[in-house]
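Participant: Can you read through this structure? Questions will come right after.
Read-outs: derived from the displayed coordinates by stated rules, not from any lab. Nothing here was measured: the structure is a model prediction, and the numbers come from that model. Backbone-built Cβ (ideal geometry, glycine too); neighbour counts: all protein chains shown.
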Amino acid sequence: MDMYKWDDRLKVNHPKIDQDHKLIIEKARELSECMMRGQGKEKIVQTVDFLNKYVKTHFEEEEKIQKKHGFPDLEAHQKNHRYFIEQLGALTIKIKEDPNSSKNAIELNKLIAGWFINHIKRMDVEVAKHLNK
Ligand SMILES: [Fe+2]
């Protein structure tokens with residue numbers, strides 16, 4: 001799999017949301033690379049904890065923006081966010097148990113490349129469209 005990275009095509013044209021997405025993608029990649037490289041547990045635990053916290057705060061902020069602007073698909077969008085938080089949470093437990101597992105690193109990459117990036121392209125873009133109406 002090509003390693004995912006942030007690029008301008010992922011922009012939804014909301015500065016704070018774009019900044020958060022970029023940071024989440026970059027942190028996840030850093031985490032995956034640390035795991036593959038056999039980095040020490042402390043750094044990996046610190047990075048994965050940061051990622052979980054940041055994702056939660058980001059989703060909360062995004063949902064607040066949606067509510068404030070009367071976004072019609074809020075419920076479906078929230079459900080999608082919850083799903084990701086659950087998946088990331090379950091994977092985090094496995095990562096902490098085995099910080100240098102390449103299987104866990106691949107699972108993380110799939111979650112980011114397969115889910116998070118698709119979520120931006122499919123769902124967050126719709127939010128941005130609504131905001132710009
Ligand atoms: Fe979202």
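Participant: Which entries of LYS53/LYS110; LYS64/LYS133; LYS67/LYS94; LYS103/LYS129; LYS22/LYS64 show an alpha-carbon separation above 29 angstrom in the structure shown? Walk me through the numbers before you get to the answer.
Facilitator: On the way: LYS53/LYS110 20 Å; LYS64/LYS133 18 Å; LYS67/LYS94 34 Å; LYS103/LYS129 37 Å; LYS22/LYS64 19 Å.
Over 29 Å apart, Cα to Cα: LYS67/LYS94; LYS103/LYS129.
Participant: Rounded to two decimal places and with Rh computed the Kirkwood way over Cα pairs, what is Rg over Rh for the range 37-89?
Facilitator: Values: Rg = 14.5 Å, Rh = 12.5 Å.
Using only Cα positions, Rg/Rh for the range 37-89 is 1.15.
Participant: When a footprinting reagent is the concern and you count Cβ atoms within 10 Å, what order do THR47, THR92 take, fewest first?
Facilitator: On the way: THR47 21, THR92 18.
Result, fewest neighbours first: THR92, THR47.
Participant: Quick one: what do you get for the range 1-97 if you divide its Cα Rg by 2.2 N^0.38 Å?
Facilitator: Normalised Rg, Cα atoms only: 1.18.
Participant: Charges at C-beta only: +1 for Lys and Arg, -1 for Asp and Glu. How large is the resulting dipole of the range 43-131 about its Cα centre, in Debye rounded to 20? Don't skip to the answer; put the middle values down first.
Facilitator: Details: 15 positive and 13 negative charges, 21 e Å.
It comes to approximately 100 debye.
Participant: Under a crude label model (7 Å from the Cα following the beta-carbon direction), how far is LYS103 from HIS130 in nanometres?
Facilitator: With each label point 7 Å from Cα toward Cβ, the separation is 4.0 nm.
Participant: Kindly provide log₁₀ I(q)/I(0) values, in the same order as q = 0.12, 0.13, 0.28 Å⁻¹, from the Debye equation applied to equal alpha-carbon scatterers of the range 73-131.
Facilitator: Here the Debye-derived log intensity ratios amount to -0.35, -0.41, -1.12.
Participant: Cα centroid distance between the range 98-112 and the range 26-97, in Å?
Facilitator: 14
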